[in-house]
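Asker: Below you will find the structure I want to go over with you.
Just so it is clear, none of the values below were taken in a lab; they were calculated from the coordinates. All figures in this text were calculated on a predicted structure; none of them were measured in a lab. With ideal geometry, Cβ positions are generated from the backbone for all residues, glycine too; neighbour counts draw on all protein chains shown.
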Ligand code: DGL
């Protein structure tokens, strides 16, 4: 590893605005870290694209953030992490964390009966990335993983239908087979799903723990920074920069809903 400057920002990226749920968790967990975010708003959604296309876009974005001298790369998008995490690790001289690895660890810590559910975009679920990432340790029962692609959740969240009868009905339909298997924990394997937490909690019931990979990766990031002496020594208000490839209508409203606060310093990247 080269010399990494602890005062450098953390780089976070996603296919669009969804990764702002990860940024929000990072801001709350590490209030003195600068963050550079990249959201590929011109090419979103990734969740229905091919592995080749997603890999090409993902490595392009990782290079962009590395040129900004980030001290750490956080793959905030489950779909990108599912198909291209290794390619990003291969090209990055700085550490790389991804939401799937973080979510998998958090699910193993949460489960009691080793029946875990995971929901995500069709590409994430078809990649079997969570199946590869979730293994119980020696002497523990094998994990029974039940996965469900939920293609309709991303548009419903972007529409702001967080507590809408249509979303409730859709969630009941998607979760039915997982609940029938007796899962006791459910991984929210997509950046958009943390916004559905209250509704999913009601539909899944109190016996199912919701595993938020945004919280999980914030925890993992804090641990890595402190283990490697990369915590920003400054105690001044941090700087947040947001790079996007398009500024669609409603970008500000959607972005602020994901971030839970005002969205400052938006820069348009023309590729
Ligand atoms: N960010 C994606 C994810 O976490 C969801 C949106 C998309 O399909 O691009 O899987």
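Condition check ((1) closer than 21 Å to residue 226 by Cα; (2) surrounded by 18 or more Cβ atoms within 10 Å (Cβ to Cβ); (3) away from the ligand (no atom under 16 Å from the Cβ)) across all residues:
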| position | (1), (2), (3) |
| --- | --- |
| 28 | yes, no, yes |
| 82 | no, yes, no |
| 88 | no, yes, no |
| 94 | yes, yes, yes |
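Asker: Look at the range 125-159 and say how many of its residues are surrounded by 14 or more Cβ atoms within 10 Å (Cβ to Cβ) and within 21 Å of residue 175 (Cα to Cα).
Answerer: 22
Asker: Sort out which residues of the range 197-213 are out of contact with any strand residue (DSSP E or B) (no Cβ under 8 Å at 6 or more places or on another chain) and assigned to a helix (DSSP H, G or I), and write them in order of number.
Answerer: Listed by number, the residues that qualify are 198, 199, 202, 203.
Asker: For the range 32-40, does any single residue satisfy the condition of being within 12 Å of the ligand (Cβ to nearest atom), part of a helix (DSSP H, G or I), touching a residue at least 40 places away in the same chain (Cβ under 8 Å) and closer than 27 Å to residue 122 by Cα?
Answerer: No, the range 32-40 contains no residue that is within 12 Å of the ligand (Cβ to nearest atom), part of a helix (DSSP H, G or I), touching a residue at least 40 places away in the same chain (Cβ under 8 Å) and closer than 27 Å to residue 122 by Cα.
Asker: Please go through the range 41-64 and pick out each residue that is touching a residue at least 40 places away in the same chain (Cβ under 8 Å) and away from the ligand (no atom under 16 Å from the Cβ).
Answerer: 64
Asker: Here's something else I'd like to know. Got at least one residue in the range 183-195 being in contact with a strand residue (DSSP E or B) (Cβ under 9 Å, 6 or more places away or on another chain), surrounded by fewer than 19 Cβ atoms within 10 Å (Cβ to Cβ) and under 22 Å from residue 47 (Cα atoms)?
Answerer: no
Asker: Among the residues of the range 230-263, write down those that are more than 30 Å from residue 3 (Cβ to Cβ), more than 21 Å from the chain's Cα centre (by Cα) and either free of Cβ contacts under 8 Å to residues at least 60 places away in the same chain or outside any loop (DSSP other than H, G, I, E, B) (or both).
Answerer: Within the range 230-263, 249, 250 qualify.
Asker: While we're looking at this one, here's another question. So, residue 85, is that one out of contact with any strand residue (DSSP E or B) (no Cβ under 8 Å at 6 or more places or on another chain) and part of a helix (DSSP H, G or I) or not?
Answerer: No; evaluated as a whole, the condition is false for this residue.
Asker: Among what's in the range 127-155 and is within 12 Å of the ligand (Cβ to nearest atom) and outside any loop (DSSP other than H, G, I, E, B), pick the residue that is farthest from residue 100 (Cα to Cα).
Answerer: Residue satisfying both the conditions and the ranking: 155.
Asker: Restricting to the range 176-201, count the residues that are touching a residue at least 24 places away in the same chain (Cβ under 8 Å) and either out of contact with any helix residue (DSSP H, G or I) (no Cβ under 7 Å at 6 or more places or on another chain) or more than 20 Å from residue 157 (Cα to Cα) (or both).
Answerer: Residues flagged as touching a residue at least 24 places away in the same chain (Cβ under 8 Å) and either out of contact with any helix residue (DSSP H, G or I) (no Cβ under 7 Å at 6 or more places or on another chain) or more than 20 Å from residue 157 (Cα to Cα) (or both) within the range 176-201 amount to 9.
Asker: Of all residues in the range 30-56, which are closer than 27 Å to residue 155 by Cα and buried (at least 21 other Cβ atoms within 10 Å of the Cβ)?
Answerer: 36, 37, 38, 39, 40, 41, 44, 46, 47, 54
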